[in-house]
Amino acid sequence: MSATAGTEPVSLPAGATLRPLELPARADAGPTPLFREYADVRNRSILETTGRDDDALDAEALLPVLRSTASADRRQWAIERDGRVIGCAARVIPQDDGARTAMVVISLLKSEWGAGIGSAVHAHVEAELRSRGVRTLLHWAEHHDDGSGAAAIRSPMGVGDIPADRTARFLLHHGYRVEQVDRGSEFTFTPAGLRGLEALRARAAELAAGYRIVQWMLPTPAERVDGYAWLKSRMSTDVPDGDLDLPLEIWDASRVAEQDGRFAERGWSVQVTAAENVDTGELCAFNELAIGTDHAGTGHQYDTLVLAEHRGNRLGMLVKTAGLLSWHARFPASARIITYNAEQNRPMLDINEAIGFTPFAYEGAWKKELA
């Protein structure tokens, strides 16, 4: 298969083709019919494999997610057969490490499994990435017991395992290995849960003397940009990632503005809760919560971090509980929050479990080194 990033469709097994997905050239242009079909198939494949629509995005919200930016080169393909889209493929090349690492996603509707289409798509995407100098492929996948009877795959970190389901077998066949297991957890707002949050926040505030909570909704206020950018940079150094060797991210005002703009284009609301050192004004911990245009839908807890030099002061518990309480007041119709954490990140899991988060899924973080 061609390793070039051309615009011509590529022939696949079973009469399928791989068509580069061309995004509208103008940022204010709406999704094309092909893009709408791509978004629909993406959402359907997620629902088929996970049983949930937590990560579904309509075409308008998905379009800004897929555009390339200064920090990441993105490319997508539609997998087609008989004039209809049957799957999606995408890759992202972060620019932080000299563009040597790429995240890869390939999804097919279940009705199309078993015909060799996924393997052919992977070969094409891998060849395209090799031609660009990429040397490491990363992939995250949720795994479920499919009755195969195969032994579970244990995380090399020593905590957590995943079923050796069809997706896991596909990745192993194509040279990937599991580097880390991530836990998906959910919290549902209830009267008892809110009382628990209040008590936990009060106790954390007592133990976090010398710090105060500051909050904002994106876009980031000018006076918070530098501190927020520094916290975001530290996410790539202070959070355990096993041997994934995720690229070191450098954040500055322009990257914060880029992120804020992408959320705004999607129509999403994002709340940041941070702990500020009273004496120095330094932001020392933060938590992000986000929701789409449906304010009765599932909320997403994204990054949470306490700077290593400020740990031991209950700041993680403080920013999480303060954030959740403010969030519920702002979006009372949203009853559920989901988040993901590495199984070896026991300090953060301890906080989640104390708050009342419970597991609902496990992901494998997979890696392939290209020779």
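Taking the options Arg42, Arg75, name whichever one is in the same structural domain as Gly15 (by TED's automatic domain parsing), touching a Cys at 6+ places or on another chain (Cβ under 6 Å), of a type outside the set (Val, Ile, Thr) and farther than 20 Å from Ala14 by Cα.
Values: Arg75 fails: touching a Cys at 6+ places or on another chain (Cβ under 6 Å).
None of the other options fit; the residue is Arg42.
Just name the residue that is nearest to Asp40 (Cα to Cα) out of those in region 63-76 that are in a strand (DSSP E or B) and free of Cβ contacts under 8 Å to residues at least 60 places away in the same chain.
Initial filter on region 63-76 (in a strand (DSSP E or B)): 69, 72-76.
Adding the requirement that they be free of Cβ contacts under 8 Å to residues at least 60 places away in the same chain leaves 72-74, 76.
Values: Ala72: 24, Asp73: 23, Arg74: 19, Gln76: 15 Å.
Checking each candidate, the answer is Gln76.
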Ala99 versus (1) at positive phi; (2) buried (at least 20 other Cβ atoms within 10 Å of the Cβ): which is the lone unmet condition? (2)
Odd one out for Thr280, checked against (1) of a type in the set (S, T, N, Q); (2) modelled with pLDDT of 95 or more; (3) surrounded by fewer than 17 Cβ atoms within 10 Å (Cβ to Cβ); (4) outside any loop (DSSP other than H, G, I, E, B): (4)
Lone unmet requirement of (1) buried (at least 18 other Cβ atoms within 10 Å of the Cβ); (2) of a type outside the set (Gly, Ala, Ser); (3) over 30 Å from Ser155 (Cα atoms); (4) in contact with a Pro (Cβ under 9 Å, 6 or more places away or on another chain) for Leu218: (4)
How about region 235-257: which of its residues are over 13 Å from Pro94 (Cβ atoms), in a helix (DSSP H, G or I) and modelled with pLDDT of 95 or more? Ala253, Ser254, Val256, Ala257
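Right, Ala72: in contact with a helix residue (DSSP H, G or I) (Cβ under 9 Å, 6 or more places away or on another chain) and at pLDDT 95 or above or not? Walk me through it before giving the result.
Values: in contact with a helix residue (DSSP H, G or I) (Cβ under 9 Å, 6 or more places away or on another chain): no; at pLDDT 95 or above: yes.
In short, no.
Quick one: which residue in Leu315, Leu289 is closer than 24 Å to Leu63 by Cβ, surrounded by 17 or more Cβ atoms within 10 Å (Cβ to Cβ) and of a type outside the set (Gly, Ala, Ser)?
Leu289 is the lone residue from the list that is closer than 24 Å to Leu63 by Cβ, surrounded by 17 or more Cβ atoms within 10 Å (Cβ to Cβ) and of a type outside the set (Gly, Ala, Ser).
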Considering only region 19-30, I want to know if a residue exists there that is assigned to a helix (DSSP H, G or I) and surrounded by 18 or more Cβ atoms within 10 Å (Cβ to Cβ). no
One residue from Glu258, Glu249, Glu206 being in contact with a helix residue (DSSP H, G or I) (Cβ under 9 Å, 6 or more places away or on another chain) and charged (D, E, K, R): Glu249
Going by the conditions given, is Ala90 under 26 Å from Glu369 (Cβ atoms), free of Cβ contacts under 8 Å to residues at least 40 places away in the same chain and more than 17 Å from the chain's Cα centre (by Cα)? no
Quick check on this structure: which one of Ala102, Ala89 is touching a helix residue (DSSP H, G or I) at 6+ places or on another chain (Cβ under 6 Å), closer than 19 Å to Ser236 by Cβ and of a type in the set (A, V, I, L, M, F, W, C)? Ala102
Tally up the residues in region 323-334 that are assigned to a helix (DSSP H, G or I) and either basic (Lys, Arg) or surrounded by fewer than 23 Cβ atoms within 10 Å (Cβ to Cβ) (or both), please. 5
Give the residues of region 335-369 that are without any contact (Cβ under 8 Å) to a residue 60 or more places away in the chain and either part of a strand (DSSP E or B) or assigned by TED's automatic domain parsing to the domain that holds Arg130 (or both), sorted by residue number. none
Being among the hydroxyl-bearing types (Ser, Thr, Tyr) and touching a Phe, Trp or Tyr at 6+ places or on another chain (Cβ under 8 Å) is the filter; apply it to region 291-312 and report the residue that is farthest from Val272 (Cα to Cα). Thr293
Looking at region 164-207 only, could you name the residues that are in contact with a strand residue (DSSP E or B) (Cβ under 8 Å, 6 or more places away or on another chain), closer than 30 Å to Ser119 by Cα and of a type outside the set (A, V, I, L, M)? Thr167, His174, Gly175, Tyr176, Arg177, Glu179, Gln180, Asp182, Arg183, Gly184
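The values are calculated or read from the model by the stated rules, or taken from the named source; none is laboratory data. Since we're looking at a predicted model, the values are computed, not measured. Heads up, the Cβs are rebuilt from the backbone with ideal geometry, glycines too, and the neighbour counts pull from every protein chain shown.
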